[in-house]
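Everything below concerns the one structure shown next.
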Amino acid sequence: MLHRGHESTDGTDGGELAVPMAWLYAEYIADELLRTGDLMPPTSFEFRAGRDALALTVFLSDTDGELSGIRVISQLENWLSLTAYDQPWQDWVRARMAELTERAAGSDAPDPDLALAADAWRWLEETELLAPDLDAVPGGGVFGEDDGPKVWTPAWRLGLPLGHLAIHLF
């Protein structure tokens with residue numbers, strides 16, 4: 001989705017504010033998918049991790065810059081495949097971010113969408129959340145939700161499966 005506001009008819013930037021519409025739209029889609037799934041409270045860090053992971057997926061998968069409301073439904077399968085457990089999502093994000101950063105470096109104007117996406121990616125990588133250890137095999141006991149082993153994990157590792165499940169529930 002192209003953003004308007006940083007262009008001017010006389011070739012100058014005109015001092016106008018560049019609005020990050022593509023990122024805001026991707027974040028809106030991710031938010032709606034997670035709220036529809038009703039998987040966790042919208043005020044939780046887990047919700048933010050899921051929203052940011054999904055928003056990055058939506059934003060970075062829009063290679064033509066034309067994400068529109070009508071294409072959202074047709075993109076669900078693509079987002080499901082990108083967020084699947086056996087896919088190297090974080091490598092894909094790094095590659096797409098590098099590609100967009102390189103493209104933006106050749107532009108005269110900063111890309112506000114890319115800046116917000118980079119902030120979200122940085123938060124997902126650097127923030128660790130205490131979550132159930134999904135790789136642990138319980139020693140014969142049955143654990144409740146709060147009784148099992150927990151580990152500190154990068155936010156994207158928790159947000160990605162939540163986002164994937166939200167897409168399924170949609």
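The values are calculated or read from the model by the stated rules, or taken from the named source; none is laboratory data. Given the structure is predicted, the values throughout are model-derived calculations rather than measurements. Note that we place each Cβ from the backbone using ideal geometry, even for glycine, and neighbour counts take in every protein chain shown. To get the accessible areas, we keep the full protein, side chains included, count just its heavy atoms, and leave off ligands, DNA and RNA. Shrake-Rupley method; radii C 1.70, N 1.55, O 1.52, S 1.80 Å.
Computed quantities for the displayed model
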quantity: Computed FRET value (nearest 0.05) for GLU126 with VAL72, which takes r as the C-beta separation and R₀ as 25 Å; calculated: 0.30
quantity: Residue-level accessible surface for THR36, protein heavy atoms, 1.4 Å, Å²; calculated: 80 Å²
